[in-house]
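Here is the structure we will look at.
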Amino acid sequence: MSVYDLLEKWKVKKYRVITLEDLEDITVGSTLLATGGGGDPDIGFLWAQKIIEDKHEIVLLDPEDIPDNELITSVGCLGAPVVLTEKPPGGNEIYKSLEAISNYLGKDVNAIIPAEAGGVNMTIPMAVAGALGIPVIDADGMGRAFPELQMTSFYIGGVSPSPVAASNEKEEVCMVDSEEGEVSERIIRSAAMAYGGISWISCYPMSGLEMKKTAIHRTVTHAQEIGKIVRENQQINTEPVKDFASFTGGEIVFKGKVTDLNRDFGSEVTKGFSSGLITLEGIDSYKNSEAKVMFQNEWLHLRINGKTLSLPPDLIILMDPETGLALRTDIIKYGYRAYIVLIPADPKMKTDRGIEICGPQAFGINKQYQTLDQLKE
């Protein structure tokens, strides 16, 4: 059965076939939304590009058009982004994980949804869906990227990540089934570390109805529109940051140069994350100011001149002033220049349960969550 057979069966006539230009824009936009994480976006882009060049079509479907009783799942990578750069996939890992989930549940997966709007984990689901002849859903579970498996709007809304299957380049598969998302996270993170710091997973099997209730809708299109803004600014040689902030409802709060970088070396293997702290010295109108950004795969906690201005789940974006491209935690270096843009998280991530699961204290930040506006006061 092809993707078009499924659409006919579902009586869906409205869909979009992703072009290479769309894919480029989605990659740029989702890497910005990834808030410093999401891994090397070229890995997902090149994978999806090859799918398109091999005459497979990546069909994007609105979440509301997925039938309520269809089984969908997320696919992607889990582990430390810096390891992903050094240890790219062989190509079959995710298919083994997806097959394990389908066999375990005794039901075919007929659509794929990205777990996060995060670089590689937005484009790889598109590639997998295209290769399998099923649609990818225009939605995700964060509206950004987060480092842990349970930190999603799916789990906040009551959908378990389990069963979860993880595979490595040798196609060895580990399966976890737990009602507690935090338990699934710890076990599957341990598997990633045993695999060398990165694993390729299938998770969050759910019905179409559960997806509609818990997902953050139309984030693939949102990422594409962001990428288009960056591309069009590049073409006329202007800085994209103002148009980006205006489109996303964000605020430019700093421009600076990285003057110090402290990485927790070895955390990729011992904890399964890339973590640390960077310091930026203000430039231009922000001269004589200092920003510090803590990260755990993603940028999480921003202080300017000692005052906290952003806490998770709100988004901290570091953008290259000239290109408008994202500055990721795994590539940031001394001397890099960056704008810092703050964007409010989706409301589904800021419920009481959302703050419990992915707020400051989930990352060891000893502060109560406050919105961006509250922190400005």
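The values are calculated or read from the model by the stated rules, or taken from the named source; none is laboratory data. None of the values given here were measured: they were computed from a predicted structure. All Cβ positions, even for glycine, are placed from backbone atoms using ideal geometry, and neighbour counts span all protein chains on display. The protein model used for the area step is the full one, side chains on, heavy atoms only, and it has no ligands, DNA or RNA in it. Shrake-Rupley method; radii C 1.70, N 1.55, O 1.52, S 1.80 Å.
Condition check: in contact with a helix residue (DSSP H, G or I) (Cβ under 9 Å, 6 or more places away or on another chain) and touching a residue at least 40 places away in the same chain (Cβ under 8 Å). Does Gln296 satisfy that? Outline the logic, then answer.
Numbers: in contact with a helix residue (DSSP H, G or I) (Cβ under 9 Å, 6 or more places away or on another chain): yes; touching a residue at least 40 places away in the same chain (Cβ under 8 Å): yes.
It is true that Gln296 is in contact with a helix residue (DSSP H, G or I) (Cβ under 9 Å, 6 or more places away or on another chain) and touching a residue at least 40 places away in the same chain (Cβ under 8 Å).
With the structure loaded, tell me whether Glu298 is within 22 Å of Ala215 (Cα to Cα), at pLDDT below 95 and within 22 Å of the chain's Cα centre (by Cα) or whether it fails that test. Show your work before the answer.
Values: within 22 Å of Ala215 (Cα to Cα): yes; at pLDDT below 95: yes; within 22 Å of the chain's Cα centre (by Cα): yes.
Spelling it out, Glu298 is indeed within 22 Å of Ala215 (Cα to Cα), at pLDDT below 95 and within 22 Å of the chain's Cα centre (by Cα).
Yes or no, residue by residue, for (1) β-branched (Val, Ile, Thr); (2) buried (at least 19 other Cβ atoms within 10 Å of the Cβ); (3) touching a residue at least 24 places away in the same chain (Cβ under 8 Å); (4) touching a Pro at 6+ places or on another chain (Cβ under 6 Å):
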site: Ile156; (1), (2), (3), (4): yes, yes, yes, no
site: Ala192; (1), (2), (3), (4): no, yes, yes, no
site: Ser202; (1), (2), (3), (4): no, yes, yes, no
site: Gly208; (1), (2), (3), (4): no, yes, yes, yes
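Residues that are touching a residue at least 60 places away in the same chain (Cβ under 8 Å), of a type in the set (S, T, N, Q) and surrounded by fewer than 14 Cβ atoms within 10 Å (Cβ to Cβ), at least 1 per element: which helices (runs of 4 or more DSSP H) completely within region 210-270 meet that?
Details: elements: 219-235, 241-248, 267-270.
Passing ranges, in order: 267-270.
Looking for something among the small types (Gly, Ala, Ser), in a strand (DSSP E or B) and at pLDDT below 95 - is there at least one such residue anywhere in region 177-187? Before you say what the answer is, go through the steps one by one.
Step one: of region 177-187, the residues among the small types (Gly, Ala, Ser) are 178, 181, 184.
Remaining after also requiring in a strand (DSSP E or B): none.
No.
Anything in region 332-349 that is touching a residue at least 12 places away in the same chain (Cβ under 8 Å) and open to solvent by 20 Å² or more (accessible area, probe 1.4 Å)? List them, or say none. Working first, answer last.
Our first condition is that a residue be touching a residue at least 12 places away in the same chain (Cβ under 8 Å); within region 332-349, this holds for 332-346, 348-349.
Residues satisfying the conditions are Lys333, Tyr334, Gly335, Tyr336, Arg337, Tyr339, Pro344, Asp346, Lys348.
Condition first: under 22 Å from Thr248 (Cβ atoms) and either open to solvent by 10 Å² or more (accessible area, probe 1.4 Å) or not hydroxyl-bearing (Ser, Thr, Tyr) (or both). Now tell me which residues in region 101-124 satisfy that. Don't jump to the end; show me each part of the working.
Here is the first cut: in region 101-124, the residues under 22 Å from Thr248 (Cβ atoms) are 113-123.
Hits for region 101-124 are Ile113, Pro114, Ala115, Glu116, Ala117, Gly118, Gly119, Val120, Asn121, Met122.
Please identify the pairs in which a residue from region 31-57 that is in contact (Cβ under 8 Å) with a residue 60 or more places away in the chain has its Cβ atom under 7 Å from the Cβ atom of a residue that is part of a loop (DSSP other than H, G, I, E, B) and open to solvent by 30 Å² or more (accessible area, probe 1.4 Å), counting only partners at least 6 apart or on another chain.
Ile43/Pro88
What is the number of the single condition among (1) in a strand (DSSP E or B); (2) touching a residue at least 40 places away in the same chain (Cβ under 8 Å) that Thr329 does not meet?
(1)
For region 295-308, name all the residues that are in a strand (DSSP E or B) and crowded, with 21+ Cβ neighbours inside 10 Å.
If we filter region 295-308 for residues that are in a strand (DSSP E or B), which is where we start, we get 295-296, 298-304, 307-308.
Listed by number, the residues that qualify are Phe295, Gln296, Glu298, Trp299, Leu300, His301, Leu302.
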